[in-house]
Amino acid sequence: MAPQYHVVTLFPEMFAALTDFGVSGRAVKNQLCGVRFWNPRDFTQDNYHTVDDRPFGGGPGMVMLVEPLDLALTAVKAELLRKGMPSPRMIYLSPQGRRLDQSLVQELVQEPALVLLAGRYEGIDERVFARHALEEVSLGDYVLSGGELPAMVLLDAVIRQIPGALGHADSAKEDSFSDGLLDCPHYTRPEDYLGLKSPQVLRGGNHAEVSRWRLRQSLSRTALRRPDLLEHRAMSPMELELLGELRREAGPE
Ligand code: 9D3
């Protein structure tokens with residue numbers, strides 16, 4: 001059974017960027033996964049379909065009401081239960097959460113279903129957490145206007161890891177030596193653009209030389225720009241040799 005992704009959001013239309021375009025759009029179209037939306041507004045009881053209110057204690061902005069969120073999350077869970085699926089991991093996209101990284105993405109792609117909650121306004125009524133076991137996931141330390149873009153980022157990262165979502169060329173690249181390192185520079189035609197030459201080694205047809213050059217570029221960039229990525233990463237003998245070369249070239253500290 002293809003994984004099923006459920007998103008609780010006031011703005012399901014925003015997700016066309018995910019479901020209708022590119023790698024993720026093709027995966028949805030080819031039914032490699034399902035993506036469905038649950039709008040808290042559809043779970044309101046009042047004539048105005050109210051989903052937010054002013055914060056107790058005062059202050060700026062609005063808070064999402066507990067009831068429509070609780071009813072929407074309960075409805076998703078009930079449907080999964082009816083289908084005999086286990087309790088899904090439920091994720092609230094929030095600045096207070098664990099930072100999204102590739103290791104979390106690799107965990108999440110193993111799940112048969114995920115429920116994502118995207119918030120708006122100042123946040124959600126805290127009592128939602130008493131009713132549902134929500135993990136919190138953040139994209140990083142900057143202020144966005146809501147959880148929809150983060151939910152799309154998370155799903156894009158997860159969906160491209162579903163087997164068959166990437167073309168063969170892409171997936172081979174993902175698996176190559178370079179994971180955990182920054183990417184190497186890329187070149188395509190023309191060979192010479194206004195005197196800017198592409199590296200000869202890439203056009204020589206020696207695949208071993210090309211691999212070595214790319215790995216060396218990746219290691220060099222990573223050491224210079226993101227030394228934190230090298231700290232806990234195991235190194236192959238080839239990587240150690242190339243890093244040694246780079247260090248000797250750079251000279252004494
Ligand atoms: C200016 C509002 N802030 C007051 C201190 C709090 C705040 C409330 C709601 C900040 C951001 C948001 C909306 N953000 C998200 O829903 C969100 C988010 C983000 O803003 N940054 C990084 N990751 C995420 S995940 C969800």
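What tally of residues in region 181-212 results from selecting those that are surrounded by fewer than 12 Cβ atoms within 10 Å (Cβ to Cβ), farther than 19 Å from M238 by Cα and of a type in the set (G, A, S)?
The qualifying residues number 3.
Looking at D20, D53, D42, which one is within 18 Å of A151 (Cα to Cα) and acidic (D, E)?
Details: D53 fails: within 18 Å of A151 (Cα to Cα); D42 fails: within 18 Å of A151 (Cα to Cα).
Only one candidate passes the filter, namely D20.
Failed condition for L166, given (1) within 16 Å of the ligand (Cβ to nearest atom); (2) within 16 Å of C33 (Cβ to Cβ); (3) among the hydrophobic types (A, V, I, L, M, F, W, C), with all others met?
Against the list (1) within 16 Å of the ligand (Cβ to nearest atom); (2) within 16 Å of C33 (Cβ to Cβ); (3) among the hydrophobic types (A, V, I, L, M, F, W, C), L166 comes up short only on (1).
Counting only residues that are more than 8 Å from the ligand (Cβ to nearest atom) and either in contact with a Cys (Cβ under 9 Å, 6 or more places away or on another chain) or not in a loop (DSSP other than H, G, I, E, B) (or both), how many does region 128-147 have?
Matching residues across region 128-147 total 7.
We did not get these values from a lab; they are worked out from the coordinates using the rules stated. Every value quoted in this text rests on a predicted model; they were computed, and no experiment measured them. Note that each Cβ is placed from the backbone with ideal geometry, even for glycine, and that neighbours are counted across all protein chains shown.
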